[in-house]
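Scroll down for the structure; my scribbles are underneath it.
The values are calculated or read from the model by the stated rules, or taken from the named source; none is laboratory data. From a predicted model like this one, the values you see are computed outputs, not experimental measurements. Reconstructed Cβ throughout: ideal geometry from the backbone, glycine too, with neighbour counts over all protein chains shown. Surface accessibility is based on the protein's heavy atoms, side chains included, excluding ligands, DNA and RNA. Shrake-Rupley method; radii C 1.70, N 1.55, O 1.52, S 1.80 Å.
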Amino acid sequence: RTLQGLKRYTNDLKLNYPFVCQNGGAIYDYAKNSFLWTEALPKSAAEVINFVHGVYPEIGVEIITTHNAYCIYENAGTRKHESDEHFKFVLSDIVSLQGDWLKIVFAGSEKETDAVQALLQKSEYYDKYQMVRSFYSYYEFVNKNTNKARAVTELSKILGINIENFVTIGDNENDCKMLSMPCRSFAPSSAAEVAKNCADTVLKSSNNDGILKEVINILEEEL
């Protein structure tokens, strides 16, 4: 998630520990109000935006940086993202962005996002970056060396907790490497099949039901 989208929850949750965000591109500590670790995209990633937007000018483009969440090309998909996560993008052009680039998101309808994914998977850029589908309406990419599994590994070092003691939960393609780590992993019943295949356990509950109660019950039974 974006830090901007998480802010509506942070006061209630009183987070006192760092967490992974930006699809594994960063670890942020709200208590210290700072990033503890990042794996930024090179600014040359703008070439991918120019390529995709040249073919599909209707696609929305978001760039999440260490400074803010920016929208370069606005559409219904980017507005839905704002509505779903309850925050507002800063509208900007690429040259005016501040901060290191953590993640770039292409947003649109499912059909539009399918088209962007197919285009990039056949392009010269696909092997230069880590590209994943995170939702039916979002196709995004981060630094080639970045994924949630690597970020969780970095988090384990920061916290001094062995990976075996982590619990991971995920529901889409961008969660697969994390779900395959040597720790306890879960996928909700509403998860994409690729995520279900990577998880230790597929839950009976779905994203819409809320899944933590079931996860906790399973873990307590295993103790």
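Tabulated results
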| item | result |
| --- | --- |
| Whole-percent carbon and sulfur share, accessible surface of the chain, 1.4 Å | 49 percent |
| Highest to lowest packing among 158-166, 180-188, 21-29, 2-10, scored as the average C-beta count within 10 Å | 21-29, 180-188, 2-10, 158-166 |
| Long pairs among LYS88/LYS177; LYS144/LYS204; LYS32/LYS204; LYS14/LYS148; LYS7/LYS148; LYS111/LYS213, criterion Cα-Cα beyond 28 Å | LYS88/LYS177; LYS144/LYS204; LYS32/LYS204; LYS111/LYS213 |
| C-alpha long axis of helix 148-159 to longest principal axis of the chain, angle in ° | 60 degrees |
| Within the chain: Cβ-based charge dipole about Cα centre, in debye rounded to nearest 20 (Lys, Arg +1; Asp, Glu -1) | 400 debye |
| Rounded Å value of the spacing that divides the Cα centres of region 50-123 and region 160-187 | 27 Å |
| Heavy-atom accessible area per residue - the chain, 1.4 Å, Å² | 51 Å² |
| Simple label model, 7 Å out from Cα along Cβ direction - ASN217 to ASN162, nm | 3.0 nm |
| Acute angle (nearest 10 degrees) that the helix 110-121 long axis makes with the longest principal axis of the chain, alpha-carbon atoms | 80 degrees |
| Normalised contact order of the chain, rounded percent, pairs of Cα under 8 Å and 6 or more residues apart | 15 percent |
| Label point distance in nm, ARG79-LYS7, each placed 7 Å from Cα along Cα→Cβ | 2.2 nm |
| Under-5 Å amide H pairs with HIS67, H placed in peptide plane, nonlocal only | ASP100 |
| Relative contact order (percent, whole number), region 22-136, Cα cutoff 8 Å, 6+ residue spacing | 26 percent |
| Nearest 10 degrees, 0 to 90: helix 46-55 Cα axis against the chain principal axis | 70 degrees |
| Residue (of MET131, ILE163, TRP37) at the positive-pole extreme of the chain, dipole from beta-carbon charges | TRP37 |
| Over region 41-96, equivalent-ellipsoid semi-axes from the Cα gyration tensor in Å | 19, 15, 8 |
| Built amide H within the under 5 Å cut-off of ASP200, gap 5+ | SER185, PHE186 |
